[in-house]
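Input: a single structure, listed below in structure tokens.
The values are calculated or read from the model by the stated rules, or taken from the named source; none is laboratory data. What you are looking at is a predicted structure, and each value in this text was computed from that prediction instead of being measured. When we count neighbours, we look across all protein chains shown, and the Cβ atoms used for this are built from the backbone with ideal geometry, even at glycine.
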């Protein structure tokens, strides 16, 4: 749990993909559905840190454009997650994480990612991102693909993403509490105890980025994340 909280904090300070690495680990420990409820408040705390620092840099047009279809994707994820078994839930999480890894690798290879014209691409991104964030808290790679295609400067990219995920994550909370019942007083107390680890992860991420080549670190991170996701599916 502490290691996962560290990774979440690191993911908000420039180590892209670090937060995704903890998703299959938490699902392996706690089960697929329950792990999403435990992780969600941790992500929300980290989002608050990011918003507090980058709130002035957000481009709200991109947030508003994606919110409607993302909400629909979340609602679809709520229904699917409520009718499947936990093993199928973990299988879906594993598949989403592996697809996210593929997207991240493709994005790194194709530096000239451009958004297709029209509204089809934003709609698909919103639906896929909403479903992925509800079922596995794993929409980071999908949303990063869209925001990077907007060619936003670094601070604007972080600020826009921070506001978007804070809004969506807070929107998901009531469904976890009243429908899935994966957020309880006990899980919230556990999450609150991990708040220092999230803060430490944020500072640790800043420190690590200075000394470890990002390309080598990302390769290691993506490989280990994909392998852990495969364990979820095979087990």
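In this structure, is residue 6 buried (at least 19 other Cβ atoms within 10 Å of the Cβ) and either closer than 21 Å to residue 126 by Cα or without any contact (Cβ under 8 Å) to a residue 40 or more places away in the chain (or both)?
no
It is to be established whether one or more residues within segment 114-127 are under 15 Å from the mean Cα position of the chain (by Cα) and within 23 Å of residue 3 (Cα to Cα).
No, segment 114-127 contains no residue that is under 15 Å from the mean Cα position of the chain (by Cα) and within 23 Å of residue 3 (Cα to Cα).
Here's the yes/no breakdown for (1) out of contact with any helix residue (DSSP H, G or I) (no Cβ under 6 Å at 6 or more places or on another chain); (2) surrounded by 15 or more Cβ atoms within 10 Å (Cβ to Cβ); (3) in a helix (DSSP H, G or I):
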{"site": "138", "(1), (2), (3)": "no, yes, no"}
{"site": "146", "(1), (2), (3)": "no, yes, yes"}
{"site": "173", "(1), (2), (3)": "yes, no, yes"}
{"site": "191", "(1), (2), (3)": "no, yes, yes"}
{"site": "205", "(1), (2), (3)": "no, yes, yes"}
{"site": "222", "(1), (2), (3)": "no, yes, yes"}
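Search segment 148-159 for residues being closer than 19 Å to residue 46 by Cα and more than 14 Å from the chain's Cα centre (by Cα), and hand back the single one that is surrounded by the most Cβ atoms within 10 Å (Cβ to Cβ).
So the residue we want is 159.
Which ones in segment 41-56 are in contact with a helix residue (DSSP H, G or I) (Cβ under 7 Å, 6 or more places away or on another chain) and either without any contact (Cβ under 8 Å) to a residue 40 or more places away in the chain or under 16 Å from residue 143 (Cβ atoms) (or both)?
43, 44, 46, 47, 50, 51, 54
So residue 180 fits all but one of (1) modelled with pLDDT of 95 or more; (2) assigned to a helix (DSSP H, G or I); (3) closer than 21 Å to residue 22 by Cβ; what number is the exception?
In the conditions (1) modelled with pLDDT of 95 or more; (2) assigned to a helix (DSSP H, G or I); (3) closer than 21 Å to residue 22 by Cβ, residue 180 misses (2) alone.
Cβ-Cβ under 8 Å, sequence separation 6+ or interchain: first residue in segment 117-142 and touching a residue at least 60 places away in the same chain (Cβ under 8 Å), partner crowded, with 24+ Cβ neighbours inside 10 Å and not in a helix (DSSP H, G or I). Which pairs?
129/139; 130/139; 133/139
Could you list, in sequence order, the residues of segment 49-63 that are closer than 26 Å to residue 22 by Cα and at pLDDT below 90?
49, 50, 51, 52, 53, 54, 55
Among the residues of segment 149-165, is there at least one that is within 30 Å of residue 83 (Cα to Cα) and assigned to a helix (DSSP H, G or I)?
yes
For segment 74-98, which positions are without any contact (Cβ under 8 Å) to a residue 40 or more places away in the chain and part of a helix (DSSP H, G or I)?
If the condition is that a residue be without any contact (Cβ under 8 Å) to a residue 40 or more places away in the chain and part of a helix (DSSP H, G or I), then 79, 83, 88 are the ones that fit.
Go through the residues of segment 20-36 one by one and say whether even a single one is assigned to a helix (DSSP H, G or I), within 19 Å of residue 164 (Cα to Cα) and either at pLDDT 85 or above or touching a strand residue (DSSP E or B) at 6+ places or on another chain (Cβ under 6 Å) (or both).
Looking for residues that are assigned to a helix (DSSP H, G or I), within 19 Å of residue 164 (Cα to Cα) and either at pLDDT 85 or above or touching a strand residue (DSSP E or B) at 6+ places or on another chain (Cβ under 6 Å) (or both), one finds at least one in segment 20-36, hence yes.
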